[in-house]
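Every number here is computed from the coordinates shown, using simple stated rules; none is lab data. Since we're looking at a predicted model, the values are computed, not measured. In this analysis, Cβ positions are derived from the backbone assuming ideal geometry, glycine residues included, and neighbour counts consider all displayed protein chains.
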Amino acid sequence: MLKTIKMAFENTEVLELPADIIDLHLTHITESAFLFHPDYGSAHESLTKKIGEGYVAIRKDWFPAIARRAIVAERTKLPDALATQTLAGPYVLAQNVKDWVAQGLTDDEIVPQLVDRLTDHFAQGTPADLTDLELIADGAPTRTLELPWLDIRTNDPYSWSDNHYAINLETADQFVVLFDGNDPHFQNRGREKAEEMGFDLI
């Protein structure tokens, strides 16, 4: 049974979320093998599974709940494993919570800041920068799947700041990362495709 989905982003941040708040639709998964031989060391193999197209839809209502749990854990000094795990991936976020609590901010002042930071990689209008997913299940090997991404050997100055094969969208209830590895101009058509798929976008 799938328990956790770990998401990695272009800036190397990682967000680990429970699988039951995520709806995945992944198709055309292909496997490629690479042999990497750097000038300074020995060669090594890399086996990559890449998702051709699909979407990742994440429930919005979970983020305020985990934010409040993180604040309670900091105020009471009682550990909350899920809150700790969630805040561990984004840079300095756990320290931010400590600082905000120490400054005497109320929960209602902290929660929006915390939610904004936990969801800033998914916000509609920001470039899609999700690079890969790790699917973690009980008693099974972790499966790592890469999203379509521009070849970093190109001269495109945006190749590490904007995944041209993906777009961030939102409904009232979900953050949606929609992608299509066959369409380098997908950002221009992604919203239309999402609406055709039945997403009621805001």
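If R₀ is 35 angstrom, what is the calculated FRET efficiency for the pair residue 197 and residue 13, using the beta carbon separation as r and rounding to 0.05? Don't skip to the answer; put the middle values down first.
Values: r = 28 Å, r/R0 = 0.79.
So, using R0 = 35 Å, E works out to roughly 0.80.
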Between residue 113 and residue 134, what's the calculated FRET efficiency when r is the beta-carbon distance and R0 is 30 Å? Round to 0.05.
0.65
Treating every alpha carbon of the chain as one equal point scatterer without solvent, the Debye formula yields log10 I(q)/I(0) values at q = 0.10, 0.12, 0.15, 0.16 Å⁻¹ of -0.49, -0.68, -1.00, -1.11
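Tell me, in nm to one decimal, what length is gained between residue 172 and residue 77 on full extension, where the rule is 0.36 nm per residue of separation less the Cα-Cα distance?
Numbers: separation 95, 0.36 × 95 = 34.20 nm, distance 3.39 nm.
Full extension from residue 172 to residue 77 adds 30.8 nm.
Rounded to the nearest 0.05, what FRET efficiency do residue 126 and residue 24 give with R0 = 22 Å and r taken as the Cβ-Cβ distance? Could you check?
Values: r = 21 Å, r/R0 = 0.95.
Working from the Cβ atoms, E equals 0.60.
Can you classify the range 91-202 as rounded, prolate or oblate using the Cα gyration tensor, where a ≥ b ≥ c are the square roots of its eigenvalues, rounded means a/c under 1.5, and otherwise it's prolate if a/b beats b/c and oblate if not? Don't jump to the answer; show the numbers that get you there.
Values: a/c = 1.76, a/b = 1.55, b/c = 1.14.
In terms of gyration-tensor shape, prolate.
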In sequence order, calculated HN-Hα J values of the range 51-56 (Karplus, 6.51, -1.76, 1.60; Hz; x Gly/Pro)
8, x, 7, x, 8, 10
What is the distance, in nm, between label points placed 7 Å from the Cα along the Cα-to-Cβ direction at residue 61 and at residue 31?
4.0 nm
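Need the full-extension length gain, residue 188 to residue 143, defined as separation in residues times 0.36 nm minus the C-alpha distance. One decimal, nm.
Details: separation 45, 0.36 × 45 = 16.20 nm, distance 3.05 nm.
That pair, residue 188 and residue 143, stretches by 13.1 nm at full extension.
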Report the full-extension gain for the segment residue 2 to residue 88: residue separation times 0.36 nm, less the Cα-Cα distance, to one decimal in nm.
28.9 nm
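Which entries of 3/77; 3/193; 3/98; 60/193; 6/193 have Cα-Cα distances beyond 23 Å here?
On the way: 3/77 27 Å; 3/193 29 Å; 3/98 28 Å; 60/193 21 Å; 6/193 26 Å.
Those over the limit are 3/77; 3/193; 3/98; 6/193.
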Suppose we flag trypsin sites (Lys or Arg not before Pro) only when DSSP calls them loop and at most 12 other Cβ atoms lie within 10 Å. Which is the longest uninterrupted stretch of the chain?
1-76
